[in-house]
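The values are calculated or read from the model by the stated rules, or taken from the named source; none is laboratory data. All values reported here derive from a predicted model rather than from experimental measurement. With ideal geometry, Cβ positions are generated from the backbone for all residues, glycine too; neighbour counts draw on all protein chains shown. Areas reflect the complete protein model, heavy atoms only, side chains present, ligands, DNA and RNA absent. Shrake-Rupley method; radii C 1.70, N 1.55, O 1.52, S 1.80 Å.
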Amino acid sequence: MPALPILRKIAPRRPDGAARSLAGRVARLVHTLLRIISGERSQDTRMTARRPDTMNTSAHTRRRSARLLLSGCAGFAAGMALLSGCGVQAPRGGEKEARIQRIWPEPPNPPRYVYETALRSLADIKPETDQERLQRQLTGRGAIPSDPVFRKPAAVAARKGRIYVADPPTSAVVVFDVPRRSIFRMGVREPNQVQKPVSLAIDDRDRVYVLDGQARRVLVFDALGLFQFAVGDPRALRQPAGVAVSPDGSRIYVVDRGGVEEEDHRVVAYAPDGRELYRLGPRGRNPGQFNIPLAASVARDGTLLVLDAGNFRVQAFDAEGRHRRSFGGVGTELGRFSRPRSIAADQDGNVFVADASFNNVQIFDAEGRLLMWIGRPELNDGPGQFGLLAGLATDETGRLYVTDTYHGKIEVYRRAVPGDLQ
């Protein structure tokens with residue numbers, strides 16, 4: 001199985017103390033200038049060896065400008081160093097520096113997941129060249145766009161280095177194409193335009209299933225956004241909220257949360273040709289019944305996992321719709337739920353549940369035993385700090401993708417490897 005290309009690691013958007021001070025920026029600028037001077041000097045040497053009667057005027061000008069800037073930065077850095085020797089300003093009274101945690105769980109527990117990056121813009125997946133970095137440091141404006149490419153990320157799916165983000169306000173699915181270091185949109189062309197994408201799923205053939213909450217049907221695209229087919233009867237679905245698909249694509253599940261005062265809270269299973277296979281529900285508390293179901297996911301063995309949000313539980317079914325088990329419950333204890341919003345399953349059968357009240361992701365094994373959790377509620381943005389959790393996804397490499405609509409980001413976590421604590 002191909003590994004996902006390494007995403008560019010980025011610092012949290014909000015500075016955390018002296019690490020992002022002005023002196024630190026000057027030091028990075030000096031490092032960049034030195035690289036330009038040394039790199040172009042060696043290039044000029046090679047050119048002069050070939051043509052001793054010529055001179056690269058542009059390189060000479062850039063090198064001279066870099067030397068002038070370097071001398072100014074050196075004087076400024078010396079002054080900053082002198083001032084820093086006089087003492088460090090303590091935080092103001094009442095201010096508390098946010099604790100950043102990038103490895104979960106905390107020591108002394110063995111690390112399981114490591115924060116890798118947060119996705120918002122093209123700048124998060126496309127590395128800068130030296131010239132682009134210098135431009136950003138001197139002007140404050142980068143050559144690579146850093147504006148968010150979505151407005152309200154609601155759902156996420158990922159496979160083979162492409163991260164698909166449902167953005168209902170823009171009626172599009174935004175795709176971070178990491179291998180190509182680019183971003184594109186899908187579901188924006190008539191006659192198969194997506195009106196309100198609310199949920200996503202991917203099968204083993206890389207087909208992307210987009211649930212359109214307004215059109216009340218599922219549109220299926222290939223990995224690059226070409227329309228394939230659609231399933232679902234808008235007359236039979238009242239308020240669809242989630243979509244899931246079996247690994248082989250033979251079963252497509254639509255979660256219908258139904259009306260507040262109605263009994264049509266259910267999950268409908270479709271074949272790829274649009275035939276309805278069976279229904280699960282209706283509203284109730286018994287096994288196989290639901291109360292405001294919001295999302296679903298399918299494990300590698302075909303087990304259907306339904307997030308039964310109003311009953312504060314996860315229900316598991318086999319491929320034929322037979323109930324197997326349930327776990328969870330309402331409460332503030334570990335392993336319980338308060339406002340569950342999304343669910344995902346990984347290659348090993350582990351189950352991930354995002355809770356918008358706790359603002360964390362609880363991780364269970366296939367039998368529903370709690371293993372660990374990731375994240376904490378925080379109004380300030382940072383790794384593992386969430387304001388309003390929404391969609392979840394895993395990919396074939398074991399990475400976890402977490403959608404936060406409040407902070408407008410997709411956080412990416414990878415499996416821990418030996419040496420992560422060193």
| request: Identify the single condition in (1) surrounded by 20 or more Cβ atoms within 10 Å (Cβ to Cβ); (2) under 23 Å from Tyr164 (Cβ atoms) that Leu226 does not satisfy, given that it satisfies every other one. | output: (1)
| field | When residues of the range 186-206 are limited to those that are hydrophobic (A, V, I, L, M, F, W, C) and buried (at least 18 other Cβ atoms within 10 Å of the Cβ), the one nearest to Ile144 (Cα to Cα) | value | Met186
| query | Counting only residues that are out of contact with any Asp or Glu (no Cβ under 6 Å at 6 or more places or on another chain), of a type in the set (Gly, Ala, Ser) and in a loop (DSSP other than H, G, I, E, B), which one in the range 219-262 is farthest from Asp203 (Cα to Cα)? | reply | Gly259
| field | Number of the exception - Arg339 against (1) out of contact with any Phe, Trp or Tyr (no Cβ under 6 Å at 6 or more places or on another chain); (2) crowded, with 22+ Cβ neighbours inside 10 Å | value | (2)
| task | Answer with yes or no whether Arg322 is among the charged types (D, E, K, R) and either more than 23 Å from Gly213 (Cα to Cα) or buried (at least 17 other Cβ atoms within 10 Å of the Cβ) (or both). | result | yes
| note | Exactly one of Ala154, Ala143 is modelled with pLDDT under 95, among the aliphatic types (A, V, I, L, M) and open to solvent by 20 Å² or more (accessible area, probe 1.4 Å), and that one is Ala143
| said: Condition (residue is open to solvent by less than 20 Å² (accessible area, probe 1.4 Å) and over 18 Å from Arg207 (Cα atoms)) applied to the range 171-185: is it met by at least one residue? | reply: no
| field | Boolean, Gln195 is polar (S, T, N, Q) and in contact with a strand residue (DSSP E or B) (Cβ under 7 Å, 6 or more places away or on another chain) | value | yes
| request: State all residues of the range 300-321 that are more than 15 Å from Asp365 (Cα to Cα) and either out of contact with any Ser or Thr (no Cβ under 9 Å at 6 or more places or on another chain) or among the small types (Gly, Ala, Ser) (or both); if no residue qualifies, say none. | output: Gly302, Ala309, Gly310, Ala319, Glu320, Gly321
| remark: Filter the range 346-375 for residues that are touching a Lys or Arg at 6+ places or on another chain (Cβ under 9 Å) and open to solvent by 30 Å² or more (accessible area, probe 1.4 Å); the one that is nearest to Trp104 (Cα to Cα) is Leu371
| task | Considering each of Gly398, Gly368, Gly391 in turn, give the residue that is closer than 20 Å to Ala158 by Cα and either free of Cβ contacts under 8 Å to residues at least 40 places away in the same chain or in a loop (DSSP other than H, G, I, E, B) (or both). | result | Gly398
| Pick from the range 147-171, criterion touching an Asp or Glu at 6+ places or on another chain (Cβ under 8 Å) and among the small types (Gly, Ala, Ser), ranking: farthest from Arg216 (Cα to Cα) | Gly161
| Of residues in the range 231-256 being touching a strand residue (DSSP E or B) at 6+ places or on another chain (Cβ under 9 Å), open to solvent by 10 Å² or more (accessible area, probe 1.4 Å) and without any contact (Cβ under 8 Å) to a residue 40 or more places away in the chain, the one nearest to Val298 (Cα to Cα) | Gln239
| task | Six or more apart or on different chains, Cβ under 7 Å: which pairs go from a residue in the range 100-129 that's at pLDDT 95 or above to one that's part of a strand (DSSP E or B) and open to solvent by 70 Å² or more (accessible area, probe 1.4 Å)? Could you list them? | result | Tyr113/Arg415
